[in-house]
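Encoded as structure tokens, the structure appears first; notes follow it.
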Amino acid sequence: MIVRALVSESGVGRVRVRNSAAGAVNGEGAGSPGFEHEFTMLFDAHFERIFRYLDRLSGDADVAADAAQEAFVRLFRRGSLPDDPAAWLITVALNQFRNAASQRARRLKLLTPTRGRGAHSDPPPSPDEAAYVADERRRVRRAVDHMPIRDRELLLLRAEGYSYRELAGALRLREASVGTLLARAREAFRAHYEESSDAP
């Protein structure tokens with residue numbers, strides 16, 4: 001079986017599962033008969049937020065889509081669900097992202113403008129609003145760039161709705177320490193953000 005996540009320009013797509021030889025959809029090689037259904041449900045529930053998180057972390061929608069897609073490909077090849085699928089998926093996606101980031105040595109660019117906005121999106125902001133938004137993005141980017149990578153990952157994953165248990169699993173932390181680490185990360189962000197307002 002081959003799993004293909006058909007990712008649109010914005011990075012969000014759907015999974016098509018097909019038999020590479022016969023072109024028929026079935027559960028062969030995919031574990032239990034219900035695995036394919038469970039896999040599709042997981043994709044629908046988690047792909048978009050994994051993609052968004054990685055896109056914000058990297059500033060590169062292509063890298064984010066590739067890493068998120070590879071996590072699902074690996075899950076499908078595994079043929080069975082792990083104990084905590086959400087934590088497993090984000091851990092694999094993060095590892096894929098880190099590998100890509102180290103190979104390409106790309107600088108992080110948080111909060112890039114959303115790609116592929118539809119033709120019927122809201123009207124463009126006024127020049128003053130656009131300047132304000134651009135300035136806020138620069139301040140956030142500057143603050144995040146000065147944070148340790150673990151703090152950065154904690155804040156962005158939490159912003160995507162991951163639980164303390166999922167954060168602990170994805171970042172290899174003790175669950176009991178996640179709340180304290182998140183509080184410290186938020187304080188660090190606030191401090192860097194306030195400093196960035198004074199930067200040229």
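Any chance region 189-196 includes a residue that's among the hydroxyl-bearing types (Ser, Thr, Tyr) and either at pLDDT 90 or above or surrounded by fewer than 13 Cβ atoms within 10 Å (Cβ to Cβ) (or both)? Taking every residue of region 189-196 in turn, none turns out to be among the hydroxyl-bearing types (Ser, Thr, Tyr) and either at pLDDT 90 or above or surrounded by fewer than 13 Cβ atoms within 10 Å (Cβ to Cβ) (or both).
Enumerate the helices (runs of 4 or more DSSP H) found wholly within region 80-185, keeping only those where 1 or more residues are within 18 Å of Asp55 (Cα to Cα), modelled with pLDDT under 85 and in contact with a Ser or Thr (Cβ under 7 Å, 6 or more places away or on another chain).
Working: elements: 85-104, 127-145, 149-159, 164-171.
The helices (runs of 4 or more DSSP H) meeting that bar are 85-104, 127-145.
Quick check on this structure: which one of Gly179, Gly161, Gly169 is under 23 Å from Ala86 (Cβ atoms), in contact (Cβ under 8 Å) with a residue 12 or more places away in the chain and open to solvent by less than 30 Å² (accessible area, probe 1.4 Å)? Steps first, answer last, please.
Details: Gly161 fails: open to solvent by less than 30 Å² (accessible area, probe 1.4 Å); Gly169 fails: open to solvent by less than 30 Å² (accessible area, probe 1.4 Å).
So the residue among Gly179, Gly161, Gly169 that is under 23 Å from Ala86 (Cβ atoms), in contact (Cβ under 8 Å) with a residue 12 or more places away in the chain and open to solvent by less than 30 Å² (accessible area, probe 1.4 Å) is Gly179.
The values are calculated or read from the model by the stated rules, or taken from the named source; none is laboratory data. The structure displayed is predicted, hence computed values, not measured ones. Virtual Cβ from ideal backbone geometry, glycine too; neighbours counted across all protein chains shown. In case anyone asks, the SASA skips ligands and DNA or RNA and just uses the protein heavy atoms, side chains included. Shrake-Rupley method; radii C 1.70, N 1.55, O 1.52, S 1.80 Å.
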